[in-house]
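First comes the structure, then the notes that go with it.
The values are calculated or read from the model by the stated rules, or taken from the named source; none is laboratory data. Keep in mind it's a predicted model, so treat the numbers as computed, not measured. Using ideal geometry, Cβ is built from the backbone for each residue, glycine included, and neighbour counts are taken over all protein chains shown.
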Amino acid sequence: MNLLALREVRYLHPAASREAVAGVSMAVSSGEVVGVIGPNAAGKSTLARLACGLLAPVRGEVSLQGDLMAKLSRRERARRVAFLPQHPPHDLSFTAREVALMGRAPHLGLWSLEGPRDLERATAALSELDALELADRPVSQLSGGERQRVFLARAFAQEAALLVLDEPTAALDLSHQVLLVHALRQRARKGGGALLVLHDLVLAAAACDRLALLHGGQVIAEGAPADVLRPAVLSPVYGTDVEVVPHPGTGQPLVAPRITR
């Protein structure tokens with residue numbers, strides 16, 4: 001089942017001279033982790049916001065689990081897709097536990113308070129992201145990596161089938177990058193899915209089943225990491241020479257710029 005489907009989606013920011021997303025069609029199926037890669041200003045973050053309903057396409061259609069995004073209420077959208085922005089707020093006075101509990105909002109009535117089940121899910125999400133020890137600390141007092149784990153926990157606590165995460169590994173150290181990838185793969189094995197916006201091409205190769213390379217708002221290449229992460233594909237898009245070699249242990253592509261000293 002397609003958790004997300006975009007069909008010929010186009011979007012033009014106000015006062016912009018060219019489309020940020022220019023006719024993109026792609027999907028995320030149950031059990032899949034899909035990565036969106038590309039240079040700066042390729043349209044990646046705009047595509048992520050279109051995928052979760054924060055932006056409405058000028059043309060084309062976005063569907064969640066077979067239903068048009070435009071016909072779903074905000075609450076129903078939030079039950080189907082959870083979003084992590086590229087720059088979560090950093091000056092909140094809420095504790096990490098309170099932020100994680102915000103992910104339960106789509107499951108509560110208008111005037112309902114969180115119950116034991118909501119607290120259980122928020123606590124489990126904090127634990128899954130190695131952030132439980134931060135539960136009682138204000139978010140404003142956390143480091144960048146700690147704060148990122150808390151906002152990831154909020155997205156996980158939402159219990160949406162689809163996660164749309166914009167630069168989810170920003171500020172995370174190596175061990176927490178690995179922890180996040182394992183958590184996403186586990187959710188995929190249980191039938192969930194994820195759309196990840198990533199700049200780290202090595203991490204994209206390790207984490208994702210498929211990659212979509214964006215440039216100028218268009219999908220230039222799409223497929224398995226080994227098919228997309230090739231010098232002939234990457235170098236023209238990024239405007240620099242790259243080397244790609246297989247990882248000696250896993251065979252996954254390792255991408256590095258060619259820098260002479």
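Inside the range 7-33, can you point out the residues that are surrounded by fewer than 24 Cβ atoms within 10 Å (Cβ to Cβ) and part of a strand (DSSP E or B)?
Answer for the range 7-33, where residues must be surrounded by fewer than 24 Cβ atoms within 10 Å (Cβ to Cβ) and part of a strand (DSSP E or B): Arg7, Glu8, Arg10, Tyr11, Ala22, Gly23, Ser25, Met26, Ala27, Ser29, Val33.
Output yes when any residue across the range 226-248 is part of a strand (DSSP E or B), at pLDDT 95 or above and surrounded by 16 or more Cβ atoms within 10 Å (Cβ to Cβ), and no when none is.
Yes, some residue in the range 226-248 is part of a strand (DSSP E or B), at pLDDT 95 or above and surrounded by 16 or more Cβ atoms within 10 Å (Cβ to Cβ).
Restricting the range 177-197 to residues that are part of a helix (DSSP H, G or I) and over 18 Å from Arg147 (Cα atoms), which is nearest to the chain's Cα centre (by Cα)?
Leu184
How about the range 43-73: which of its residues are part of a loop (DSSP other than H, G, I, E, B) and under 23 Å from Ala15 (Cβ atoms)?
Gly43, Gly53, Leu54, Leu55, Ala56, Pro57, Val58
Looking at Ser143 and the list (1) within 21 Å of Gly192 (Cβ to Cβ); (2) out of contact with any helix residue (DSSP H, G or I) (no Cβ under 7 Å at 6 or more places or on another chain), which single condition is not satisfied?
(1)
Those residues that are of a type outside the set (Lys, Arg) and either in contact with a strand residue (DSSP E or B) (Cβ under 9 Å, 6 or more places away or on another chain) or not in a loop (DSSP other than H, G, I, E, B) (or both), I need them from the range 74-90; list them, please.
Glu76, Ala78, Val81, Ala82, Phe83, Leu84, Pro85, Gln86, His87
Restricting the range 177-208 to residues that are of a type in the set (D, E, K, R) and either buried (at least 19 other Cβ atoms within 10 Å of the Cβ) or in contact (Cβ under 8 Å) with a residue 12 or more places away in the chain (or both), which is nearest to Ser143 (Cα to Cα)?
Asp200
Taking the range 160-176 as the search range and keeping residues that are at pLDDT 95 or above and part of a loop (DSSP other than H, G, I, E, B), which one is surrounded by the most Cβ atoms within 10 Å (Cβ to Cβ)?
Pro168
Can you name the condition, by its number, that Leu162 falls short on among (1) touching a helix residue (DSSP H, G or I) at 6+ places or on another chain (Cβ under 7 Å); (2) free of Cβ contacts under 8 Å to residues at least 40 places away in the same chain; (3) within 24 Å of Asp130 (Cβ to Cβ)?
Going through the list (1) touching a helix residue (DSSP H, G or I) at 6+ places or on another chain (Cβ under 7 Å); (2) free of Cβ contacts under 8 Å to residues at least 40 places away in the same chain; (3) within 24 Å of Asp130 (Cβ to Cβ), Leu162 breaks only (2).
Within the range 96-110, track down each residue that is modelled with pLDDT of 90 or more, among the small types (Gly, Ala, Ser) and either surrounded by fewer than 19 Cβ atoms within 10 Å (Cβ to Cβ) or assigned to a loop (DSSP other than H, G, I, E, B) (or both).
Within the range 96-110, Gly103, Ala105 meet the criteria.
State all residues of the range 223-241 that are touching a Lys or Arg at 6+ places or on another chain (Cβ under 7 Å) and closer than 28 Å to Ala27 by Cα; if no residue qualifies, say none.
The answer is Gly223, Ala224.
Would you mind stating whether Leu113 is in a loop (DSSP other than H, G, I, E, B), out of contact with any strand residue (DSSP E or B) (no Cβ under 6 Å at 6 or more places or on another chain), exposed (fewer than 14 other Cβ atoms within 10 Å of the Cβ) and not β-branched (Val, Ile, Thr)?
In short, yes.
Go through (1) assigned to a helix (DSSP H, G or I); (2) touching an Asp or Glu at 6+ places or on another chain (Cβ under 8 Å); (3) of a type in the set (Gly, Ala, Ser) for Ala256 and report which single condition fails.
(1)
Out of Ser127, Ser93, report the one residue that is part of a loop (DSSP other than H, G, I, E, B), over 19 Å from the mean Cα position of the chain (by Cα) and surrounded by fewer than 16 Cβ atoms within 10 Å (Cβ to Cβ).
Ser93
Go through the range 2-42 and count every residue that is over 17 Å from the mean Cα position of the chain (by Cα) and at positive phi.
Within the range 2-42, residues that are over 17 Å from the mean Cα position of the chain (by Cα) and at positive phi number 3.
Could you list, in sequence order, all residues of the range 69-107 that are of a type in the set (D, E, K, R) and touching a residue at least 60 places away in the same chain (Cβ under 8 Å)?
The answer is Arg79, Arg80.
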